[in-house]
Amino acid sequence: MKPTELLSIIIPFHNEQEVIKECQQRISEAVKTIDMQVEMLYVNDGSKDKTLAILIELMQQDERIKIIDLSRNFGKEIAMTAGLDEAKGDAVVVIDADLQDPPELIVEMIKAWHEGFDVVYAKRIERKGENFFKKFTAHLFYKLINKISDHEIPENVGDFRLMSRQAVDALNQVRERKRFMKGLFSWIGFPQTAIEYSRDPRLAGETNWNYKELIKFAIEGISSFTQEPLRLATYAGFITALGAFGLGLFYIIKTLLFGEAIQGFPTLITVILFFSGVQLLSIGILGEYIGHMFIESKQRPLYFIKKTYTVKLDD
Ligand code: UDP
Ligand code: MG
């Protein structure tokens, strides 16, 4: 008897020509034992190499594959969203192309899903092949965002996860242009659980990330999930004003008592520069939030699909 439940596997691809074939092999192998129908949604996120050609070649050998070719590079978050929009599965898995996350975990994820969890995410217990500094900065980032945000964003969790139909439908209703997925996954709620594993180094090719990207990612994450920095600017303003008042009072009294003319150009310039810095920082923080409003208010579509490829006739 044919299984009735459908599992969708979404993979975003951006210049991944070296890893596609191995990726497909590992995924096919991993889902063999699963008693579900499978659809594979491969999103080509504006790759400049042979990614699309290789994907089409694979699709001709495996009718479970459907390719969504985006009109340009939109970034991983949007590419995943395009996949989630198209996915028809009762359960949907999102996984990276570079096999840093073992597809073999999908079996366990499905078990947890059958137990009633709507979101099953994979939690890394160690990161092979990543340097100390990256690990350390990542740790700091999670400490910070969890301290100031209302929604717990679990540390050492990537985007690799399984979601129930209900969770996917919920997530698909969130049409923010700036998509901090880790935050959104947590924001939608529903029963969630983790499966632990150790993360492998990238199979081949280069990570698409660099530190500039990471900093941008951190700022976006924080500014789309909490207003705390705005409040911080207010507090800082309040405290410095109070301090300045106290200092003023101190000088008045000092002059009255000792009649001493106030010198101190160095103090003056330091204080002026310091507060100019604070002001610029606060304006910058404001700018971050206004930027968000600007992007969201334009109401642009999240992405455009150039073409979808499938060997099956759509019914
Ligand atoms: N990716 C994408 N669009 C991009 C950048 C990356 O679709 O603009 C995909 C990439 O092909 C891979 C996944 O997102 O499948 C994760 O990318 P990467 O391994 O570079 O990120 P990291 O593992 O370092 O977070
Ligand atoms: Mg990776």
Checklist entry - Mind checking which aspartates and glutamates have their C-alpha under 15 Å from Lys123, skipping anything on the same chain fewer than 8 residues away? => result Asp96, Asp101, Glu104, Glu108, Glu152, Glu155, Asp159, Glu196, Asp200
Item to check | Cα-based Rg / Dmax (Å) for the chain | outcome: 25.2, 99
Item to check | For Ile10, residues with placed amide H under 5 Å, excluding near neighbours | outcome: Leu41, Val93, Val94, Ile95
Checklist entry - Thr310 versus Phe274, label points 7 Å from Cα toward the beta carbon: distance in nm? => result 6.4
Checklist entry - Can you list the lysines whose alpha carbon is less than 25 Å from that of Lys2, not counting same-chain residues fewer than 8 positions off? => result Lys32, Lys66, Lys88, Lys111, Lys312
Checklist entry - By a straight-distance test (C-alpha under 24 Å), which lysines pair with Lys212 as possible cross-link partners, with residues fewer than eight away in the same chain excluded? => result Lys48, Lys76, Lys128, Lys134, Lys135, Lys143, Lys147, Lys178, Lys182
Checklist outcome for this item: At 10 °C in a medium of viscosity 1.306 mPa s, segment 122-192 has a Stokes-Einstein diffusion coefficient, with Rh taken as the Kirkwood radius over alpha carbon pairs, in µm² per second, of 117
Checklist entry - Over what distance in Å are the Cα centres of segment 169-196 and segment 53-111 separated? => result 17
Checklist outcome for this item: Summing -39500 (n - 2.57) over every DSSP H run of at least 4 in the chain, dividing by its residue total and rounding to the nearest 500, the 222 nm mean residue ellipticity is -16500 deg cm²/dmol
Checklist entry - For segment 68-128, what number results from the quotient of the Cα radius of gyration and 2.2 N^0.38 Å? => result 1.29
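Compute the Rg/Rh shape ratio of segment 23-77: radius of gyration over Kirkwood radius, all on alpha-carbon atoms. Display every interim value, and only then the final one.
Details: Rg = 12.4 Å, Rh = 12.3 Å.
We get a ratio of 1.01 for segment 23-77.
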Item to check | 0 to 90° range, to nearest 10: angle between helix 20-31 axis and the chain longest Cα axis | outcome: 70
Checklist entry - Could you give the distance between the Cα centres of segment 214-230 and segment 1-32, to the whole Å? => result 33
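Of Met36, Met293, Met80, how do they rank once you tally other Cβ atoms within 10 Å and put the fewest first? It would help to have the intermediate numbers written out before the result.
Values: Met36 15, Met293 9, Met80 24.
Placing the least packed residue first, the sequence is Met293, Met36, Met80.
Which whole number in µm²/s is D for segment 1-160 by Stokes-Einstein, with the Kirkwood Rh taken over Cα pairs at 25 °C and 0.890 mPa s?
Working: Rh = 17.0 Å.
This corresponds to a translational diffusion coefficient of 145 µm²/s.
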Next on the checklist: For a quick size check, give me the Cα extents of segment 31-117 along its three principal axes, largest first, whole Å.
Outcome noted: 41, 28, 25
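Each reported figure results from applying straightforward, stated rules to the coordinates on display, with no laboratory input. Bear in mind that the values here come from a model prediction, so they are computed numbers and not experimental data. Cβ atoms come from the backbone with ideal geometry, glycine included; neighbour counts cover every protein chain shown.
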